[in-house]
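Let me begin by presenting the structure, written as structure tokens, before commenting on it.
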Amino acid sequence: MAVRTATGDDALAIETIRVRGWQVAYRHVFPAEELDRQPVDESRWRARLLSPPPGWTTLVAEREGRVVGFASVGPSRDERALGELYAIYVDPDEWSTGAGRDLLERAEAVLRRAYAEALLWVLEENPRARRFYERAGWWPDGARKAEDRWGVRAPEVRYRKRLASDTDGV
């Protein structure tokens, strides 16, 4: 498994993985017909990869030259001086192969360069992802929010992880 910084050429693979991930992981939360209607529109990712927002990094995991997952990190949208894991998705056909773990480890390493602590948001009704984060040392910090999508109010919980000890010089 190779993990590298994403380029504009990865936009279609990233968006395809994101859409497939939603279609499989959230079928019990959102209407199936809405999930199935999601377009694969790589333009947003292409623009973000070619000219990323300040502090953003997007990584991809490749197996045998094929992108099988991605993660995006950068400054927290909630709290100053903290980093955030904005997204991590692995193609459902590649779940439980180590791709997610490799991406998360690399994403945490990127965040660790600039932040002592990081946050992420996850759907409350995504037990698979929550177990994944908890096994990697992330914990829910009590913050919650909910957004409406396709007529469903889907609660999210915020997770937190200390990335560096006080002696790391971060």
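The values are calculated or read from the model by the stated rules, or taken from the named source; none is laboratory data. Note that the structure is predicted; figures quoted are calculated from it, not measured. No Cβ is skipped: glycine too gets one built from the backbone with ideal geometry, and neighbour counts run over all protein chains shown.
Residues in the range 20-49 that are buried (at least 17 other Cβ atoms within 10 Å of the Cβ) and of a type in the set (V, I, T): V29 alone. For the range 150-163, the candidate set comprises residues that are surrounded by fewer than 17 Cβ atoms within 10 Å (Cβ to Cβ) and either in contact with a helix residue (DSSP H, G or I) (Cβ under 6 Å, 6 or more places away or on another chain) or among the aliphatic types (A, V, I, L, M) (or both); within that set, the residue that is farthest from E34 (Cα to Cα) is V152. Listed by position, the strands (runs of 3 or more DSSP E) inside the range 1-108 whose residues that are farther than 19 Å from F132 by Cβ number at least 1 are 2-5, 57-63, 66-75.
Evaluated against (1) under 22 Å from G8 (Cα atoms); (2) surrounded by 22 or more Cβ atoms within 10 Å (Cβ to Cβ); (3) touching a residue at least 40 places away in the same chain (Cβ under 8 Å), G83 falls short on exactly one condition, (1).
Residues considered: A136, A99. Of these, the only one that is out of contact with any His (no Cβ under 7 Å at 6 or more places or on another chain), closer than 26 Å to T16 by Cβ, surrounded by 17 or more Cβ atoms within 10 Å (Cβ to Cβ) and small (G, A, S) is A99. Among the criteria (1) among the charged types (D, E, K, R); (2) in a helix (DSSP H, G or I); (3) without any contact (Cβ under 8 Å) to a residue 40 or more places away in the chain, the one E147 does not fulfil is (2).
So which of A143, A129, A114 is over 16 Å from P75 (Cα atoms), surrounded by 13 or more Cβ atoms within 10 Å (Cβ to Cβ) and more than 17 Å from the chain's Cα centre (by Cα)?
Working: A129 fails: more than 17 Å from the chain's Cα centre (by Cα); A114 fails: over 16 Å from P75 (Cα atoms).
Within the list A143, A129, A114, the selection yields A143.
The lone criterion from (1) surrounded by 13 or more Cβ atoms within 10 Å (Cβ to Cβ); (2) under 16 Å from R18 (Cβ atoms) left unmet by S76 is number (2).
On inspection, S96 fails the criterion of being modelled with pLDDT of 95 or more and polar (S, T, N, Q).
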